[in-house]
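What follows is a set of notes on a single structure, which appears directly below.
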Amino acid sequence: MREDHRICVLSTGACTAVGLSAASSAAAVRAGLARFLEHPTFLDQLEEPAIVAHPPASQPDLSLEERLVEFAIAAFADAIESIPNAADFGPLPMVIALPEPRPGLDRQLGERIVSRLSENLRGFGVLSAMMLGHASGGAAIRHVSQMLDSGHWRWAAVVGLDSWLAADTVRWLEQNRQLHASYNAWGFIPGEAAGVLLISNLSTAREHKTRPRALIEAVALDREEVPIKTDGVCLGWGLTRAVKAALSALPENQQVDMIYCDQNGESYRADEFGFMLARMGQRFRAPADFIAPADCWGDTGAATIPLLVTLATQAAERAYAIGTLSMILAGSESGHRAAILLRTPTASN
């Protein structure tokens, strides 16, 4: 690929339980700060309040869709703020990464979110949605990369949105022993959040004198044959194939410096991750040294990949990143797996 056609991240935005911007969210995660709350109405099987995570700005009287739109607008405003000449780039297409259909969320969610965002963010080009859960952000980034490479778009936004905080969803998590509780240490804390990535190729970034925050070296997607809540033992083959495909963009002797992943306390995810590292660990500088921010802002579902990219770019910008190569990993309940290889500049650059 020609140097000026390489895909880059221009800016990031976030709205999470620990911060209402990319900078504040990343600072909180770096400090190990968590913001978990007792939900006022959702109860676990012992009739104790469910522990959840949501942005400080979350308004409980709003519907789930209304909250997601509010988070998206806040994260988008955060991202676009650092692009002072944004109007010069032209129309901004958006690809929205959303959760998979589940109790509490139906298959029409994507259409409704697109419609609401179209009303609130006028003049920003085509909007489309992908409902693939945690791996949605990877699929969205790959789609945007293809559109940029073909010349159809000059830049685009990937908007990751999710919320587990619907009564039917929390009840479903409880029934499947996925809700973290006093009697279930291997569950996860449901969260809600939004993450935004503004993406272009290097040519466009240079034309508009905008410094890229990171280069996207590779995006790989795969499918796990034994997803969670199915019979059989997951040996991590889907995640392994995705990681191997992403690493093919590097020389065989080059190691990745840091892993950012969606580990959330579930033993399934921990086992899958371990099997992958057993095969691919030699390609990572310190395979056991990974960042999994769910212990700060809860599980953020389809917002995960944009938020993990945000953490990597913030670490580089503020000179506390370990090296320049990061691997972003996420896996959906249905089996979709995504691995993204990210190269961030050094502080001196």
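Quick one: Ile228 ticks every box in (1) at pLDDT 95 or above; (2) outside the structural domain of Glu38 (by TED's automatic domain parsing); (3) out of contact with any Phe, Trp or Tyr (no Cβ under 6 Å at 6 or more places or on another chain) except a single one, so which number is it?
All conditions pass for Ile228, except number (3).
Select from segment 44-70 the residues that are surrounded by fewer than 16 Cβ atoms within 10 Å (Cβ to Cβ) and hydrophobic (A, V, I, L, M, F, W, C) and write down the one among them that is farthest from Leu307 (Cα to Cα).
Here is the first cut: in segment 44-70, the ones surrounded by fewer than 16 Cβ atoms within 10 Å (Cβ to Cβ) are 45-49, 56-57, 59-63, 66.
Within this subset, residues satisfying the condition of being hydrophobic (A, V, I, L, M, F, W, C) are 46, 57, 62.
Details: Leu46: 33, Ala57: 18, Leu62: 23 Å.
Looking at residues that are surrounded by fewer than 16 Cβ atoms within 10 Å (Cβ to Cβ) and hydrophobic (A, V, I, L, M, F, W, C), I get Leu46.
For segment 309-349, how many residues are β-branched (Val, Ile, Thr), in contact (Cβ under 8 Å) with a residue 60 or more places away in the chain and more than 19 Å from Asp289 (Cα to Cα)?
Within segment 309-349, the subset β-branched (Val, Ile, Thr) is 309-310, 313, 322, 324, 328, 340, 344, 346.
Still in the list and also in contact (Cβ under 8 Å) with a residue 60 or more places away in the chain: 309-310, 313, 322, 324, 328, 340, 344.
Checking the rest, the ones that are also more than 19 Å from Asp289 (Cα to Cα) come to none.
So the answer is 0.
Assess whether Met258 counts as being closer than 27 Å to Ala316 by Cβ and over 19 Å from the mean Cα position of the chain (by Cα). Don't jump to the end; show me each part of the working.
Values: closer than 27 Å to Ala316 by Cβ: yes; over 19 Å from the mean Cα position of the chain (by Cα): no.
It is false that Met258 is closer than 27 Å to Ala316 by Cβ and over 19 Å from the mean Cα position of the chain (by Cα).
Which count do you get for residues in segment 46-71 that are out of contact with any Gly (no Cβ under 9 Å at 6 or more places or on another chain) and among the aliphatic types (A, V, I, L, M)?
Number of matching residues: 6.
Please go through segment 74-111 and pick out each residue that is more than 23 Å from Trp172 (Cα to Cα), surrounded by fewer than 22 Cβ atoms within 10 Å (Cβ to Cβ) and touching a helix residue (DSSP H, G or I) at 6+ places or on another chain (Cβ under 6 Å).
Ile80, Ala86
Could you check segment 10-58 and list, in sequence order, the residues that are modelled with pLDDT of 95 or more and among the polar types (S, T, N, Q)?
Result: Ser11, Thr12, Thr16, Ser21, Ser24, Ser25.
Based on this model, can you work out whether Ala193 counts as touching a helix residue (DSSP H, G or I) at 6+ places or on another chain (Cβ under 6 Å) and in contact (Cβ under 8 Å) with a residue 24 or more places away in the chain? Write out each step before concluding.
On the way: touching a helix residue (DSSP H, G or I) at 6+ places or on another chain (Cβ under 6 Å): yes; in contact (Cβ under 8 Å) with a residue 24 or more places away in the chain: yes.
Considered against the rule, which asks whether it is touching a helix residue (DSSP H, G or I) at 6+ places or on another chain (Cβ under 6 Å) and in contact (Cβ under 8 Å) with a residue 24 or more places away in the chain, Ala193 comes out as yes.
For residues in segment 140-155 being crowded, with 22+ Cβ neighbours inside 10 Å and at pLDDT 95 or above, which is farthest from the chain's Cα centre (by Cα)?
Val144
Among the residues in segment 24-36, are any within 21 Å of Ala166 (Cα to Cα), touching a Phe, Trp or Tyr at 6+ places or on another chain (Cβ under 6 Å) and not basic (Lys, Arg)?
no
Could you check Pro251 against (1) in the same structural domain as Met276 (by TED's automatic domain parsing); (2) touching a residue at least 60 places away in the same chain (Cβ under 8 Å) and say which number it fails?
Result: Pro251 passes all but (2).
Could you tell me which of the residues Thr346, Thr313, Thr304 is in contact with a His (Cβ under 7 Å, 6 or more places away or on another chain) and not in a strand (DSSP E or B)? Reasoning before the result, please.
Numbers: Thr346 fails: in contact with a His (Cβ under 7 Å, 6 or more places away or on another chain); Thr313 fails: in contact with a His (Cβ under 7 Å, 6 or more places away or on another chain).
Going through Thr346, Thr313, Thr304 in turn, the sole match is Thr304.
Are any of the residues in segment 53-65 more than 24 Å from Gly110 (Cβ to Cβ) and of a type in the set (S, T, N, Q)?
no
For Ala26, state whether it is in contact with a helix residue (DSSP H, G or I) (Cβ under 6 Å, 6 or more places away or on another chain) and either in a loop (DSSP other than H, G, I, E, B) or surrounded by 13 or more Cβ atoms within 10 Å (Cβ to Cβ) (or both). Even if it seems obvious, please write down each step before you answer.
Numbers: in contact with a helix residue (DSSP H, G or I) (Cβ under 6 Å, 6 or more places away or on another chain): yes; either in a loop (DSSP other than H, G, I, E, B) or surrounded by 13 or more Cβ atoms within 10 Å (Cβ to Cβ) (or both): yes.
In short, yes.
Every residue in segment 292-312 that is surrounded by 19 or more Cβ atoms within 10 Å (Cβ to Cβ) and over 13 Å from the mean Cα position of the chain (by Cα), please. Write out each step before concluding.
So the first thing to find is which residues in segment 292-312 are surrounded by 19 or more Cβ atoms within 10 Å (Cβ to Cβ), and the list is 292-294, 296-312.
Of everything in segment 292-312, just one residue is surrounded by 19 or more Cβ atoms within 10 Å (Cβ to Cβ) and over 13 Å from the mean Cα position of the chain (by Cα), namely Cys296.
Of everything in segment 287-306, what is of a type in the set (A, V, I, L, M), in contact (Cβ under 8 Å) with a residue 12 or more places away in the chain and over 18 Å from Leu221 (Cα atoms)? Give them in sequence order. Give the steps one after another, and end with the answer.
Just the residues of segment 287-306 that are of a type in the set (A, V, I, L, M), to begin with: 288, 291-292, 294, 302-303, 305.
In the following step, the residues that additionally are in contact (Cβ under 8 Å) with a residue 12 or more places away in the chain were identified as 291-292, 294, 302-303, 305.
Selection gives Ile291, Ala292, Ala294.
Among strands (runs of 3 or more DSSP E) lying entirely in segment 160-275, which contain 3 or more residues that are under 25 Å from Pro93 (Cβ atoms)?
Values: elements: 192-201, 214-223, 258-261.
Here the list reads 192-201, 214-223.
The values are calculated or read from the model by the stated rules, or taken from the named source; none is laboratory data. Just so it is clear, the model here is predicted, and its values are computed rather than measured. When we count neighbours, we look across all protein chains shown, and the Cβ atoms used for this are built from the backbone with ideal geometry, even at glycine.
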